[in-house]
Amino acid sequence: MTDEDGGGRDDVGTGSSGDVVRRERFSGGPAREFLSSLAADERIFAADIAVDRAHVVMLDERDIIDRDDAGAILDALGEVEAAGHADLPDGEDVHAAIETAVIQHIGDRGGRMHTARSRNDEVATCIRYRLREDALVAAEATIDAREVLADVAEDHTDTVMPGFTHLQPAQPTTVAHYLCSYESALARDTDRLLDAYGRINRSPLGGAAFAGTPFDVDRERTAELLGFDGLVRNSMDAASARDFLVETTGAVAALATTLSGLAEDLVVFSNLGHVELDDAYASTSSIMPQKKNPDTMELVRGTAGEAAAGLNALLSILKGLPRAYNRDLQRAHPHAFEAIDAVAEATGVAAGAVATADWNESALEAAADGGFSTATGVADLLAMEGMPFRTAHELVALAAERMADDADVDAAYAALAAAATEVLGDPLDAFVDRGAVVAALDPVESVASRDSVGGPAPAEVERELSRVADGLDADRATVDERREALERAETRLDEEVTRRV
Ligand code: ARG
């Protein structure tokens with residue numbers, strides 16, 4: 001549909017700049033590029049088309065514009081959508097460029113589209129509309145990664161490995177227990193993203209510039225047509241609020257920080273020969289032919305720095321902004337989008353690396369036995385036999401100081417017996433059976449004995465894994481429900497548009 005009653009001027013109200021906003025007086029100059037967000041706005045192109053459609057449908061339903069104009073505008077929006085972001089006329093941003101394009105298609109009456117709204121509520125709505133999808137993608141990436149961790153853990157409930165504190169062997173644990181520790185952390189990352197979603201998915205549309213509008217708009221209706229769960233009610237808050245970006249990027253930065261720890265561990269474990277990454281997740285050196293480097297994990301680790309920087313950039317841009325709208329805001333949301341893209345991708349890569357890695361069971365078991373890592377278990381045994389734990393700690397510490405790193409069971413027992421005579425003034429076997437001490441010195445037995453809630457004993461980890469499976473099902477259902485709600489809204493909006501074109 002072109003120019004039926006719109007006067008047919010290409011540059012209606014647009015001055016020589018071809019932009020509905022940048023009239024003659026503001027048409028050019030050295031800051032033109034600097035002012036424009038059109039390129040970055042590609043991210044919200046589809047969102048803006050949807051927001052325009054919902055707004056026009058509502059304006060028609062409220063008789064704020066007539067059905068004929070609504071149909072023409074919706075028709076033009078279809079053309080603009082089909083041509084794509086790259087075909088938009090020049091403009092200060094995607095909102096202005098789409099409006100310009102609509103006016104180019106149908107003339108002056110296209111200018112009715114911007115009745116009862118502002119770019120301020122429009123852009124805030126577009127960012128939320130787009131970010132909610134991205135938040136679901138990121139949340140789903142965390143769920144997928146948790147499933148991988150749980151699946152690999154399932155195969156390794158009996159695979160003993162050294163657990164570290166201060167990067168020193170500390171107590172034996174299992175690969176399953178280790179992997180489940182990251183599943184637990186990532187479950188909180190899923191939670192944070194889904195929680196943030198609830199506050200992203202509120203509609204600011206109808207708040208106009210910040211001060212509301214005299215038109216009889218139906219804010220609930222546009223919210224419904226766009227799949228929002230409710231409104232950002234106060235119109236000044238609607239235009240100004242960007243705390244949803246802060247919390248989403250905060251959730252993403254926390255997720256990236258979780259992943260950076262996993263990545264660091266995998267770098268260290270690769271170095272120790274405890275795990276081997278699949279070739280697909282490693283790289284080599286351009287000069288040193290023997291190298292197999294855990295590059296993907298290093299890149300995952302690095303991504304956490306970018307996400308933290310993005311969060312910092314956001315907070316710094318938002319800090320001290322006066323009410324209500326300030327153009328600084330144009331530079332805020334790209335940080336959230338960049339961070340969420342980078343971290344969602346890193347989450348998938350980390351999951352792929354874990355899914356395909358090979359745990360070196362014999363090397364892990366040998367390492368779990370080194371460095372007297374069962375010392376705590378021996379002290380626990382003595383305390384269970386009635387010795388004050390502090391005395392047991394002193395006795396075992398004395399034995400540890402004198403014991404060679406590679407001491408076998410007999411040497412370890414001898415060192416403990418000598419320490420007992422010194423500390424207790426009695427032989428060790430007067431206090432506890434030799435067999436019990438020997439068992440406590442065995443990493444496998446040691447792990448099996450630690451069956452407190454959430455502990456590494458295989459039976460306990462298996463119990464936890466069934467809770468993990470329940471949590472995964474529940475979180476997947478939440479993501480699916482939200483996606484379905486968005487799809488239903490999309491269908492409703494399509495139907496309303498189709499009835500008018
Ligand atoms: N492109 C702007 C942004 O992203 C929206 C335009 C509002 N501009 C204005 N001068 N009120 O924030």
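Any read-out appearing in this document is the output of simple, stated calculations on the displayed coordinates, not a laboratory observation. Quick caveat, the model's predicted, so the values are computed rather than measured. Please note: Cβ atoms are built from the backbone with ideal geometry, for glycine as well, and neighbour counts cover all protein chains shown.
Of the residues that make up the range 344-352, is at least one assigned to a helix (DSSP H, G or I), surrounded by 20 or more Cβ atoms within 10 Å (Cβ to Cβ) and within 16 Å of the ligand (Cβ to nearest atom)? No, because not a single residue in the range 344-352 is assigned to a helix (DSSP H, G or I), surrounded by 20 or more Cβ atoms within 10 Å (Cβ to Cβ) and within 16 Å of the ligand (Cβ to nearest atom). Of the helices (runs of 4 or more DSSP H) lying entirely inside the range 391-477, those containing at least 3 residues that are of a type outside the set (A, V, I, L, M, F, W, C) and more than 21 Å from Ala176 (Cβ to Cβ) span 409-424. In the range 311-332, the residues that are within 16 Å of Asn120 (Cβ to Cβ) and within 12 Å of the ligand (Cβ to nearest atom) reach residues that are outside any helix (DSSP H, G or I) and among the hydroxyl-bearing types (Ser, Thr, Tyr) with C-beta atoms within less than 9 angstrom, at least six apart or across chains, in these pairs: Tyr325/Ser118; Gln330/Ser37; Arg331/Ser37.
Given the criterion small (Gly, Ala, Ser) and closer than 14 Å to Ala135 by Cβ, identify the matching residue among Gly207, Gly212, Gly273, Gly227.
Exactly one of Gly207, Gly212, Gly273, Gly227 is small (Gly, Ala, Ser) and closer than 14 Å to Ala135 by Cβ, namely Gly227.
Given the condition in a loop (DSSP other than H, G, I, E, B) and without any contact (Cβ under 8 Å) to a residue 12 or more places away in the chain, answer yes or no: does some residue in the range 358-368 qualify? The answer is no, given that none of the residues of the range 358-368 is in a loop (DSSP other than H, G, I, E, B) and without any contact (Cβ under 8 Å) to a residue 12 or more places away in the chain. Taking the range 194-211, which residues are surrounded by 24 or more Cβ atoms within 10 Å (Cβ to Cβ), within 16 Å of the ligand (Cβ to nearest atom) and of a type in the set (A, V, I, L, M, F, W, C)? Hit for the range 194-211 is Leu205, nothing else. Pairing each residue of the range 84-97 that is near the ligand (Cβ under 9 Å from one of its atoms) with any residue that is assigned to a helix (DSSP H, G or I) and hydrophobic (A, V, I, L, M, F, W, C), provided the two are 6+ apart or on different chains, yields C-beta distances under 7 Å for Glu92/Leu35; Val94/Ile44; Val94/Phe45; His95/Val123.
Kindly check whether there is at least one residue in the range 442-451 that is of a type in the set (A, V, I, L, M, F, W, C) and in contact (Cβ under 8 Å) with a residue 40 or more places away in the chain. Yes: the range 442-451 contains one or more residues that are of a type in the set (A, V, I, L, M, F, W, C) and in contact (Cβ under 8 Å) with a residue 40 or more places away in the chain.
Does Ser203 meet the test of being within 21 Å of Ala336 (Cβ to Cβ), among the polar types (S, T, N, Q) and either in contact with a helix residue (DSSP H, G or I) (Cβ under 7 Å, 6 or more places away or on another chain) or without any contact (Cβ under 8 Å) to a residue 40 or more places away in the chain (or both)? So Ser203 passes the test. Here is the figure for the range 453-489: residues that are β-branched (Val, Ile, Thr) and within 22 Å of the chain's Cα centre (by Cα) total 3. Here are His166, His105: which of them is free of Cβ contacts under 8 Å to residues at least 24 places away in the same chain and surrounded by fewer than 24 Cβ atoms within 10 Å (Cβ to Cβ)? Only one candidate qualifies: His166.
When each of Arg109, Arg130 is tested for being more than 8 Å from the ligand (Cβ to nearest atom), within 25 Å of Val232 (Cβ to Cβ) and not hydrophobic (A, V, I, L, M, F, W, C), the lone residue that passes is Arg130.
Starting from residues that are over 26 Å from the mean Cα position of the chain (by Cα) and among the aliphatic types (A, V, I, L, M), keep the ones in the range 276-315 and report whichever is surrounded by the fewest Cβ atoms within 10 Å (Cβ to Cβ). Ranking the candidates gives Ile287 first. Selection of the range 257-275 for residues being of a type in the set (Val, Ile, Thr) and more than 25 Å from the chain's Cα centre (by Cα) yields only Val275.
Every test in (1) in a helix (DSSP H, G or I); (2) away from the ligand (no atom under 16 Å from the Cβ) is passed by Phe372 save one, and that test is (1).
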